[in-house]
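Visitor: Before anything else, here's the structure in question.
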Amino acid sequence: MQRLSRSLVVGVALMAVLAAGAIAQKSVRPRAPIYERPIYTHGGIAVIGYGYQTPIKIVDHLGKVTWSGVIGNRTVTTIKLAAGNYRLQALDEVKLISENLVEEQQPAPGQPGSSDESTPRLRPLAPDPLSVVPVPWVADATFANNPPSLQSRHVIFEGIETRLKAVIKGGTGPYRVDWDPGDGSGVLTTTGVTDVWNGAAKTKTYTLPQGTPITATCTVTDSLGATAVGYYHMIVGNPSIQAHRVARSSDEALWYLHTQMGRETSGASGQPVADLGWICSAGGSSGYWVAPTSMYAVCLANTGRSIPGGKNLSNDPTKDAYVDDLRRCINCLTDARHLISGSVSSKTYATFGTFNPDTHGPGGVPNGKGLRSVSSYPVYEGGMHLQAICQAGNTEGPVPNRSDYASYYDMIGDFVDGFQYMQGNASWYEGGWRYGYSMGDSDGSAVAWACIGLEAAELAHLNTPHPGPSWPQIAVHPTVKAALSKWLTYAMDTDSTTVYPRTDYRLGTNSNFRRYGGQDYTNNPQYENVAKTGGGMVGMKLIGADPSDARVLGALSFLYRFFFAPDWIMKHHWSSTGYTSARCAYGMYNMFKGLNAYGVNTLTDPLGSGGNDLDGVPLAPFEWYSVLVDFIVGRAPAPGATPTDLGHQAWAGNTTLTSRYYGSANDGRYEPNGTRSGAYAPLVLGEWNRHQVDAEANKNLITAWDLAVLQSTVFTPPPVAVIAKPTAAAGETYVPDQVGGADWYAVFDPGGNGMPPDPRFGSYHLDPSRYIKRVRWNWGDGTPDTEYDLPFPGALGGYVPSAPGVYPAGNQAVHHFTLGPGGTPVDRVVTLTVWDDIGQQSSTTVLIHVIPAPYPPVAVMSFQAMGASNQDGDTIGVLPDGTVQIKFIGTNSYNPDPSSVLAPKNALGISEFMWEWPANAVPFNTGLSEVPPLFDEGTSSGDPNLNPGSKDGQQIYTFQFDPAAISSYSLTGMIVGLRVKSNIVGAGVPDTATIYKTINLKPNSDVTPSAVQIRNVSVHDITEVSAKISFDTVNAGGVPQGTKAKVDYGLTAAYGSTTPLTPAFLTHHTIVVTGLQPSKTYHYMITATSTGGVVGTTSDATFTTLAAATPILRYRVLSRSLIGSQQLVTYRVTNEGNGIALGVSFSGWWANKGVTLDMLMSATPTTIPPGAYADFTVRWNLPTPNPANYATKFTCTYQNSAAPPISYSNTPMLLVFVP
């Protein structure tokens, strides 16, 4: 890459590097690091001090301390580290001996090889442990398990060669690789493997029937005899199913691009080094690299990967080799040699006046800079470049190889500024883009790529683990959008009269084509094509053009009519050689982006009339995406036949690919249009010639474009199921059968408050645009499942709230478990399954030990800063004198059945409290005092209701630190443990429970008391005389903050009434407001106060009570049955209000996933009294194959009994499962 990089950056001035010490600090801290330098290591460093004892600390790129301690000046200290970028910080000068050495093991004095030399011998670090890294074709919550879910198994076809894939990590080469194919055939062996990235792969043809799961085993042995084992999970797919064809083809294409990657570790001058990866368009080091590297990164993100720390399911390079590829691609694309800075200053538009495109910058502050790709075509390739960084999945994360940008978020902002600066600003080219970092020209093809990149930038703030107010949208400036709108109007062909008789490849006959609606190269009627028109639609979406906008309608008409037109009528004056049609990879991807931007599934001509399109040809709407997919991956074979049409993929057995352009290898790449013989429906005349742009793009960019088209939308990970109650960190818990002679109902909660991965915080979604809609509990004891919709799902991308009061039907589920025969203990596995609003699901389990009394206790702990120390969530400030006083609270611990606990015991069934913390808290030693901990800290209680020697349930302790060393440099975290005991006698039942908390310590001046923020406010369950107001309280960092709260309310903003203050500090509140009047609008304001006395309030808001006797209708799926290709679904509508529902009617029946309404099988209700319900049945037509589930929607209108009546309308969406 060094040679490649130098060839790309000749003549480019690199940016000055901001020194770490120049970054402004909030306050002056005593004894800040004197010595600090960046380091990159593959496994460890060797360092020696100048002073007798020098405290040092090593911080990773996230700011987390990975090693701290004291080094001397007589011997070299070796520190093992994981590969990556770090900063070495010290309180005195130190000497870095090596960034990749460790100390040689020295023999004892007097032994052979011993030496009196004071300088130790050094040797290279030992290699990493040998491992086999899997390569799942698509990310899945279970992809690293054995076996994974069927979703992420590699799909193979009977009789078609497949490639068994794995990546070797660690060990010492060369390697021997043995594949056990898993079908009983012989082992496939390769010796002398030196290519750890690609050399372990092996081809194999299976002849097993469809539906057969297969697990191949890969055993790797290195030259020193170490071995590692990996698994390759497959399933024999059905080639008649298009999704299976996409899975098989995508799998091989993704690996092909993996094999094309070049790799190195380097960095720009003055910047941290990083692992880099790139793909050149023609393979090896030939051709350009920004576009294919960017599109490969986009494909990896689309299949559920993100860079380490990112939001998607797969972000661990040790479990998914493609995550390492994505990490390397993004590092290469953000490298200061490849993404460079240029000056951005004010410019003057002919129409819109003076505008400064520098609207973003680090920390949101414009900095006079814009970023651009190091490319001859920084707009063409730059659009893909920007898209890749935006979709990498960790917008908020730090950039490991750039010291001038604290986050990808800041970098994306400056990249947007670069595009804003490059926009044309005068004459006919105003509002468009051309090739370079100049505003003096425009063309439609460059505009398309600029819009694709800028569209991704405006969504980048959602593409991160913690989207929210801290990461507002990176918006393209309104002036840029207004100018773009002008260009899109200018570039649209408005000639609706001139016709060109040419062959229509759909009909096999001549058609009189009109150019109307196409986006052109400029305004000349000569270069309209599907690429510029599809990309133009992305621009229309970017500027907010309505679907009824004439430009959108014209583009749709053009794409419909020219979808089956050959390339050669899309060139200069509609003649000569071909240009971007719907069948070249360039055109397909741009059209794909445009049609997806407007949610178009079925393509038709919106400008047609009388049953004909604009050209006078009878309308024949079609599923455009399905046509593209079959073009790329091949059509379905005859039932039971081995497929011979594998589309345009270079692969063994693809007999249709007869005119290969890029070589004869069966390597998984995609060949361009014109390389197959014969006609393939709906192209009745066969393929036309290869398109010129595909020849220029070359094989690796074509493959990435085609692969991106196969990924119909950005990969949406399923939800994550977490059981918040009962809390079971070890995956098991104890549940009583009875307590006090009454059946015990255990509470099971799928929701909670806060952030993952804390299991208390419940199920959540990784996709900020999705939410959890449905829950099912399988109790594991033979009783019926409990299944319900969540009528109040909370914020998109948020978490399932925990309070059952939020849910009319209840969020939490309760269940009574019975003991085994003869009253013996029994184990049950409870399974929670959650579905999101598009039918994706996830499951988890908890092991329940159903036992008779007695029961183990439950430990509950919190802590609170005392005295003058500030507290912000789990962070507490240390005072300048080195002291910090903390109150630990364990008195909320309890036993489920206090009556079963022997005396002594308190009212909650706890007999003893035991505490553990670092009694002698000094810098670099803030962990527990002993290993294992003795739980011997704290003052004794003396409470006769506790065991003799028990500590008090509340402890106040003052820790003393060295005042001279109090800085954020020296303080990290302190671990505190609580163990509680109940005096119980029960075989196999634990009598203690333990909980640990980590307290983050900082100088007190650096800790701002938690600001209380009130979020997720919802007024619900409104009746004629009452309402419930639910909300969450968090601190400034978004961490749940316990508060006491009240609601002021009244008929005016002066309020006049106040609810009682909640008695306990809670993070989720539901306050009931009562004594209201019907049909009145009430003002309300929420006030919440933290434990530290910090107050947060909301602004004035209103809600309106229901009119007297208001009907409230609720809807659910009651039952379902499958009859052939149809399903009968019975719906229940219940009136939960106080008024009768009159004139009830239903309309607008709709379903997704190809399901259509057949008929209503029973009459729908017209009147529903209060408390009553009515059932009715609908028959739906299902597609082939049947979906696992689908969403249905209808509109219900009704009135109350008032005079005059008030009308109501509901449009519920209900998820239906196919048995």
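No lab work stands behind these numbers, since they all come straight from the coordinates. Since the model is a prediction, treat every value here as computed from it, not as a measurement. So basically every Cβ, Gly included, is an ideal-geometry build from the backbone, and we count neighbours across all protein chains shown.
Visitor: So what's the projected area for region 575-664, the Cα convex hull averaged over all directions, in nm²? Please list the in-between numbers first.
Guide: On the way: hull surface 35.0 nm².
With every direction weighted equally, the projected area is 8.7 nm².
Visitor: Which of the pairs LYS311/LYS1153; LYS57/LYS80; LYS541/LYS593; LYS593/LYS1193 have their Cα atoms more than 20 Å apart in this structure?
Guide: Pairs exceeding 20 Å: LYS311/LYS1153; LYS593/LYS1193.
Visitor: Sticking with this one: For region 1113-1217, build the charge dipole from Cβ charges (+1 Lys, Arg; -1 Asp, Glu) around the Cα centre, then report which of THR1197, ALA1163, PRO1187 sits farthest towards its positive end.
Guide: PRO1187
Visitor: Turning to a different aspect of this structure: Ranked by Cβ crowding within 10 angstrom, fewest neighbours first, how are MET295, MET588, MET261 ordered?
Guide: On the way: MET295 29, MET588 26, MET261 22.
By the 10 Å Cβ count, ascending: MET261, MET588, MET295.
Visitor: Ranking request for peptides 191-201, 843-853, 655-665: highest mean number of other beta-carbon atoms within 10 Å first, then the rest in descending order. Intermediate results must be reported in sequence, preceding the final value.
Guide: Values: 191-201: 16.2, 843-853: 18.7, 655-665: 14.5.
Packing proxy ranking, top to bottom: 843-853, 191-201, 655-665.
Visitor: Now for a separate question. Per the Kirkwood treatment, what hydrodynamic radius in Å, one decimal, follows for region 492-710 from the mean inverse distance over all distinct Cα pairs? Write out the running numbers ahead of the final one.
Guide: On the way: mean 1/r = 0.0569 Å⁻¹.
Kirkwood radius, region 492-710: 17.6 Å.
Visitor: Additional query: Inverting the mean 1/r over all pairs of different Cα atoms, compute the Kirkwood radius of region 1113-1217 and quote it in Å.
Guide: Numbers: mean 1/r = 0.0694 Å⁻¹.
Computed over Cα pairs of region 1113-1217, the Kirkwood hydrodynamic radius comes out at 14.4 Å.
Visitor: OK, next. Rounded to two decimals, what is the ratio between the C-alpha radius of gyration of region 263-490 and 2.2 N^0.38 Å? It would help to have the intermediate numbers written out before the result.
Guide: Working: Rg = 16.9 Å, N = 228, 2.2 N^0.38 = 17.3 Å.
Relative to the 2.2 N^0.38 Å estimate, region 263-490 comes out at 0.97.
Visitor: Here's another thing I want to ask about it. With each pseudo-label sitting 7 Å past Cα toward Cβ, what's the ALA903-ALA426 distance in nm, one decimal?
Guide: For the pair ALA903/ALA426, the computed spacing is 9.7 nm.
Visitor: Full extension from THR1184 to THR1130: what is 0.36 nm times the residue separation minus their Cα-Cα distance, to one decimal in nm? Display every interim value, and only then the final one.
Guide: Details: separation 54, 0.36 × 54 = 19.44 nm, distance 2.20 nm.
Fully extending the segment from THR1184 to THR1130 adds 17.2 nm.
Visitor: Can I ask one more? Viscosity 1.002 mPa s, temperature 20 °C: what is the translational diffusion coefficient of region 184-233 from Stokes-Einstein with a Kirkwood Rh over Cα pairs, rounded to a whole number of µm²/s? Before the final figure, lay out the partial values.
Guide: Details: Rh = 12.9 Å.
The calculation lands on 167 µm²/s.
Visitor: Given 10 °C and 1.306 mPa s, how large is the Stokes-Einstein diffusion coefficient of region 362-446 in µm²/s, with Rh as the Kirkwood radius over Cα pairs? Please list the in-between numbers first.
Guide: Working: Rh = 13.5 Å.
For these conditions, the coefficient is 118 µm²/s.
Visitor: What whole-number volume per residue, in cubic angstrom, does the convex hull of the C-alpha atoms of region 1013-1104 give?
Guide: 84 Å³
Visitor: First obtain the Kirkwood hydrodynamic radius of region 1141-1186 from its Cα pairs, then insert it into the Stokes-Einstein equation at 4 °C and 1.567 mPa s, and state the resulting D in µm² per second as a whole number.
Guide: Numbers: Rh = 12.5 Å.
Approximately 104 µm²/s, per Stokes-Einstein.
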